[in-house]
Every structure is written in structure tokens, then in C-alpha cells.
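Okay, structure first, notes after.
The values are calculated or read from the model by the stated rules, or taken from the named source; none is laboratory data. None of the values given here were measured: they were computed from a predicted structure. Positions of Cβ are backbone-derived with ideal geometry, glycine not excepted, and every protein chain shown enters the neighbour counts. Accessible surface is based on the protein model in full, side chains and every heavy atom, while ligands, DNA and RNA are left aside. Shrake-Rupley method; radii C 1.70, N 1.55, O 1.52, S 1.80 Å.
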Amino acid sequence: MLNFFLFFIFSEFKDTINFKGDSIFYYLEEEKIILKGNSYIKYKNIELFSDSCIFLRNENLLIAKGNPVLISGKDTLKGDIMKFNIKTQKGYVYKGKSKVEKGFVWGEKVYKTDKKVLKGYTGFFTTCDLSEPHYYFTSKRMKIIIDDAVICSDVLMKINEIPVFLAPFWIFPISKERKSGFLIPRPGRNSYLGFYIRNLSYYWVINNYMDLTLTLDVYEKKGPLFGFDFIYILYKRISGNFKFTYAREIDTKTKRWSLIGNHYQNLPLNFTLNARTDFISDEKYFLEYSDVRAQRVKSESESDISLSRRFKIGSFFISSSYRRDFLNKKRILRFPNSNFRIFQKDFGILRSSLNLLYLREVYKDTILKEERSGFKIESGIGMNRMIFEIINFSNSLNIQGGILNKDLKGNRFPFLKKLSGNLSLGTKIYGISIFKIPPFEKFLHIVTISGGYSFSPYIKNPPVKEFLGLGECKRKSILFLNLINEYEGKIKNQRIHLLSLNLNRSYDIIKKDFSNINLNGDFLRMFPLQGNFSLTYYKDDKKWKDLIINLSGNISLKFLSDFLIEEEISPWNMNLTYTYKNISGAKGFLNLNIGGGLTKNLKFNFNASFDTERKIFVERGISLIRDLHCFSARFNWYKIGKIWDYDLKIWITKLPDVKIEKGLFEAILPGK
């Protein structure tokens, strides 16, 4: 092979043009260069490879034949025959094919009309990287804006050469940046709503700081549901997300709606504003319409707004909140709720704090409606010291005083007082085992013993319903004892928690009566399966009652992955929680989530909530996700109570997802 390298510097060009080939012919009169055999030309960031090439100096034109490949920056254009003006960077290629950010574009004739623009006639676009793609979009006219989008007219989508979709125009994103566009619709069926199509939506990139999604769901039995989802982030000082939905049901004519969102803002003078909205028209709205599992089981809603600021010596907080309990038919409005707190301050061996609080509350249920308000000032002083370096001694004195709006006799602005104190002593005893049980090298036993005395003198207060911790102030004189046993194991210098037991009891000196015995504990804190429990010994009945057990775990099911004998499948895991309560009747609930790969391209997930006492499923659901090379498909099914729902979603894998909030939406075929 003959390698010959020439440099030509023309007056029109400020940069060097490099030529290389097996044979190079230069015709001076015609100002023409012909390269044959492994021809190569480079000008600035443009490189051209081909079997042969002609350069016409007067026209600044390159004519390449034999598998020409044009590289401009990170973009590549291939074809059979190519003509290209190196000065204007315009040209065209017959049977051209280009690799773009999100896929491949090719056409019978492709023009490069600008540095960042290609135009194709009888063009094709796909994200499939196979020589015979599984699918493609074809268009009579196509415009490719490099690092931006592919714009098509008269678009036909084919899967395995079978036409499946037709549109007058569409735009495909080929940029890493988020783009405005249509979101993927999701068909399905619901026992209450009938057949439906969800997420007929448009995602609008307003600017770099704001997104707006306009949503439409259509239900066979209930009609359309409209909504929007607005997200904003401004200079790290302001951020938020608000989602609104509205439906006027065609069968009942009922108007139903929801408004959920949050707002955060840094204000001048170091104030912080937080707001959270959670308003819904009725208690069954989410159960019947929502596709979010956490929303379907909600039994209450709460909205609030707060303004706060921290100082060197304390903090200020003012808020308003509205809580609605659907199960108990209660509504609670708190406005305003203000608090000014001076942080704990040390004065030698003493520590003191101060807290000022004002609250107005409006309570309403099916029978009662009442308004209460009050102001309280609370001050505390205390001390904490070690005696002989083994005994911890602490004491505290708490003083409260406040004014409420009225007492039980109707008198306005009663003044209430409260005084309480506490003394306590505590120590720890350590023990280490002289034996080992593999894999544990040693065991550590820690016993914490504490006891003390709490008191409160009788203070005559006006008769009121307790509010802000102010109310009847009875004389109190109580001795208490607390015993904690902790057991740990040691493996390679690592301490592993095994079990904790906390036993406490008190004695009322005034009533000369012992309290019931409370026992609680937790076990295996650092293990995949862990839990806690509590129960009470009733001295009158001489029985242990009110048992509560909570278990939770994240367990790897490696044996399932090994059993399936598939390489590179998603590992199997199981998450479970179990709650058992035996207070005025036994109740138990098991929540289970198990998932992993059935094959390399198929993932399975199952979740359920099971009532262990009634032996029934409260909720259960199945999800299957299939990787179809160019496409992904997801099937969901769930049932909660008597309501069931299933849907199917198919999307092009490599086209970018537009994620709103927690990934609620994903985009396919967006258009700017």
C-alpha cells in the first residue's frame, strides 16, 4: 500500500486540509485531487473515509464513492455515494445511514443542509441495533436536528414489516436533555371504572426550571378525568410539585377531585417556607381511581403550611394544618400553631430551656363541633452528673403556665399552672461470656438499672378540658424502676445486637398501689429479619395481655435464582412485615413483596396484604416486566377488597423516559 500525505493551504481556508490514500492524483489546471484506495480526508473536525474520493478545489466539493463514511464531531453518516461541501458543510448522500444519540436514521437520499441538520426523503428511524431491525418508523420526509430531534411527516410504524401505527407527523427525541412530548397511554380494565385508557397526556418542558404535564384518563363507566402535574425548581431556593385531578362522573353526575403537592422556599432573613397539600373530595376517590398503591389504602388526609427560622439561641415556627379522618368522620383545623423556643443553655452544672406556644384548634365530627385556643409558657431547669464515674444522676424541674380561651363553666381566659419534677439514678453492669458458640466468638451482656422519683404538687386550676398539656393538676408522687437487658455477640471485632428486653414498673405513694408491669424489646437489629414486641402484665388479672409483635425483613432468595439456572437474571428478594395485636381482640396483618427474574429478560413481582385472623387477602397484586430487545412491556394486576384492576404498557426502551415526581410517567415518541 502506498501511503502519501499532502498538505494544501488555500487562501480561502484558514485551516489545513489533510489528504491520504493509496494513490493520489493532482490535476493543477482543473484544481482537482483524486484519491484511490483507502482514501482519507480531514478538515477541522470533519473526517471522510471512502474507497475513492474526488476533491474539486474551486467548488470546495468532495465526491466520495465506495462505502463513504463522514464523521463530524461525534456524528457519523454512511452511504453509497456522497457529495459534501467542506466550506458550507452541506451535501447529500445516496442510501445514507446515520447513527444519532438515541438510534439510527437512514434514507434513500439524505441531505446535510446545516452543521446540525440532516434532511431525508423516504427516511427511516429506529432504536434497534440489529442489521434487520425489529421495528422502524418510515416517513416520506424527515428532518434530523443533531442532538435534538427527528421530525417526520406521514409517519408509519412497522413491527416485523407489519404496519401498526400511522400518524400525520411525529417527533422523536435524540437528545440527552428532557423534551416536551406525548406520554405513553396505558390501556386496562377496572371492576369499578370499566375499560379505560390512562395517561393520554402531554409533557411540556416550559424551561430549565419548570415542567407541566397535562393529563387525560378516559373510563368506560365514569367518563373522562382531567388533570395537570406542575413541577418547578428555581435556583435551589424554590421547589415544588402540585398535581390536580378532576372528574365529573357521567353516571352519577358527581364532581370528584384531588389536589396533592408540596412547596419549599428559602425566604429573606433565613426564613423557610414549607407547604403540603393533600385535599380530596371524598374518602373513596383514591381507592377507586388511583393507580398508586400507597394512595389506595389512605384513610386520612392532612395539609399544612409553615414558616420557620433558626437563630443562634433558639428557633421560631408558625404553621397551619388541616386534618381529615375519613374512618372516624373527624376534621381538625389548627390555625395558627406558633412556637418560639430558646435552646437548652448551660449555667455551670445546670441546664435551662424556655418554650412559648400558642395554638388555636377547631374540632368537628358527626356530633360535636368545638373551638379551643390557648397560650402556654414552659420553662425547665435540670442537671446531669456522674457520681464515682459509675452512677448517672439527673434531676429536672418543669414549670408551665398558660391561658385558655374558656373553662367548662364558660368563664373566659382561665389561667392554669403546672409544676412537676423528676429525680433519677442509673448505672450499667457489663458481663462477657467465657464460652463461644460459632460463629460468635464471645457474648456481651449489658444490664442497665435505673430508678427514680417523680412528683407534682396539687395546684388548684379552673375546670377545663385538657389542652396544650394544661388541665387538672393533681398531686402526684411516684417511684419508678426500669431494667434493661441487652445481649450482643462478637464476630471478628464486630458487635452484633441479638436481643433487648426492657422491663418497667412504678409505685404510687399516694394511692399505695403498684402499676402493671410493662415489657418491651427488640431482637436481631442487624439481621435481614428483625422485630420488636411489647406486652403488659395486669396485676389484678394476673395475666400477660396486650401483646404486640412487629416483624420486618429483607431476605435474599438466592436459592431461587440458582434453581432457575439462568445467568444474569435479576436476583430474587423478599420483603415482609408482620404486625400482630391482641388488644380487645386479635388482629394480624402480613405484608409480603417478592420479586426477581424468571429469565434474563422477564421479571416478576408479587405483593400482598393478608389478614391472618380472618384468613383473607386484603390486597394483592402481580407485575410482569418483559425486555423485548427494542421494546419493554409491563403488565400489572391488583385487587383490593372487591375492586380489581389490570393494565398493560408497552414502550420503546431506548427512547428517553420523562420522569415526573417518583417516575409516575414515562415518555414514548415525544414531540417538541
Out of curiosity, is TYR94 open to solvent by less than 70 Å² (accessible area, probe 1.4 Å), closer than 20 Å to VAL117 by Cβ and modelled with pLDDT under 85? no
Answer yes or no as to whether ASN274 is at pLDDT 95 or above, closer than 30 Å to LYS345 by Cα, surrounded by fewer than 17 Cβ atoms within 10 Å (Cβ to Cβ) and polar (S, T, N, Q). yes
Could you tell me whether the stretch 652-665 includes any residue that is modelled with pLDDT of 85 or more, within 21 Å of the chain's Cα centre (by Cα) and open to solvent by 40 Å² or more (accessible area, probe 1.4 Å)? no
Restricting to the stretch 123-142, give me the number of residues that are assigned to a strand (DSSP E or B) and open to solvent by less than 70 Å² (accessible area, probe 1.4 Å). 10
When the stretch 438-454 is checked residue by residue, the ones that are of a type in the set (A, V, I, L, M, F, W, C), surrounded by fewer than 16 Cβ atoms within 10 Å (Cβ to Cβ) and touching a Ser or Thr at 6+ places or on another chain (Cβ under 8 Å) are ILE449
Tell me, please, whether a residue that is closer than 30 Å to LYS639 by Cα, surrounded by 15 or more Cβ atoms within 10 Å (Cβ to Cβ) and either polar (S, T, N, Q) or touching a residue at least 60 places away in the same chain (Cβ under 8 Å) (or both) can be found in the stretch 163-179. no
Filter result for the condition that a residue is more than 30 Å from TYR358 (Cβ to Cβ), open to solvent by less than 70 Å² (accessible area, probe 1.4 Å) and assigned to a loop (DSSP other than H, G, I, E, B), over SER570, SER506: SER570
Scanning for something more than 19 Å from SER131 (Cβ to Cβ), outside any strand (DSSP E or B) and not charged (D, E, K, R), does the stretch 55-62 turn up at least one residue? yes
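Say we look at the stretch 509-524 and pick out the residues that are part of a strand (DSSP E or B) and of a type in the set (A, V, I, L, M); which of these is surrounded by the fewest Cβ atoms within 10 Å (Cβ to Cβ)?
ILE517
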Could you list all residues from the stretch 548-591 that are within 18 Å of VAL618 (Cα to Cα) and at pLDDT below 85? ALA586
Which members of the stretch 63-83 meet the condition of being within 49 Å of the chain's Cα centre (by Cα) and either in contact (Cβ under 8 Å) with a residue 60 or more places away in the chain or open to solvent by less than 70 Å² (accessible area, probe 1.4 Å) (or both)? PRO68, VAL69, LEU70, ILE71, SER72, GLY73, ASP75, THR76, LEU77, GLY79
Of all residues making up the stretch 462-480, the number that are under 16 Å from GLU361 (Cα atoms) and open to solvent by 80 Å² or more (accessible area, probe 1.4 Å): 2
Considering the stretch 44-62 alone, what residues qualify as being over 12 Å from ILE17 (Cβ atoms) and open to solvent by 30 Å² or more (accessible area, probe 1.4 Å)? ASN45, PHE49, ASP51, SER52, ILE54, LEU56, ASN58, GLU59, LEU61
Among the numbered conditions (1) open to solvent by less than 70 Å² (accessible area, probe 1.4 Å); (2) farther than 29 Å from PRO438 by Cα; (3) in contact with a strand residue (DSSP E or B) (Cβ under 8 Å, 6 or more places away or on another chain), tell me where ASN550 comes up short. (2)
List the pairs whose first member sits in the stretch 412-424 and is closer than 14 Å to PRO463 by Cβ, whose second member is small (Gly, Ala, Ser) and not in a strand (DSSP E or B), and whose Cβ atoms are under 8 Å apart, counting only residues at least 6 apart or on separate chains? LEU416/GLY471
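Quick grid of which residues meet (1) within 26 Å of PRO187 (Cβ to Cβ); (2) under 19 Å from the mean Cα position of the chain (by Cα); (3) surrounded by 15 or more Cβ atoms within 10 Å (Cβ to Cβ):
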{"residue": "ARG237", "(1), (2), (3)": "no, no, no"}
{"residue": "PHE242", "(1), (2), (3)": "no, yes, yes"}
{"residue": "TRP257", "(1), (2), (3)": "yes, no, yes"}
{"residue": "ILE260", "(1), (2), (3)": "yes, yes, yes"}
{"residue": "ASN270", "(1), (2), (3)": "no, no, no"}
{"residue": "PHE279", "(1), (2), (3)": "no, no, yes"}
{"residue": "TYR285", "(1), (2), (3)": "yes, no, yes"}
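Yes/no per residue for (1) surrounded by 16 or more Cβ atoms within 10 Å (Cβ to Cβ); (2) closer than 23 Å to CYS473 by Cβ:
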{"site": "ILE349", "(1), (2)": "no, no"}
{"site": "LEU354", "(1), (2)": "yes, yes"}
{"site": "LEU359", "(1), (2)": "yes, yes"}
{"site": "GLY380", "(1), (2)": "yes, yes"}
{"site": "ASN411", "(1), (2)": "no, yes"}
{"site": "GLY431", "(1), (2)": "no, no"}
{"site": "LYS436", "(1), (2)": "no, no"}
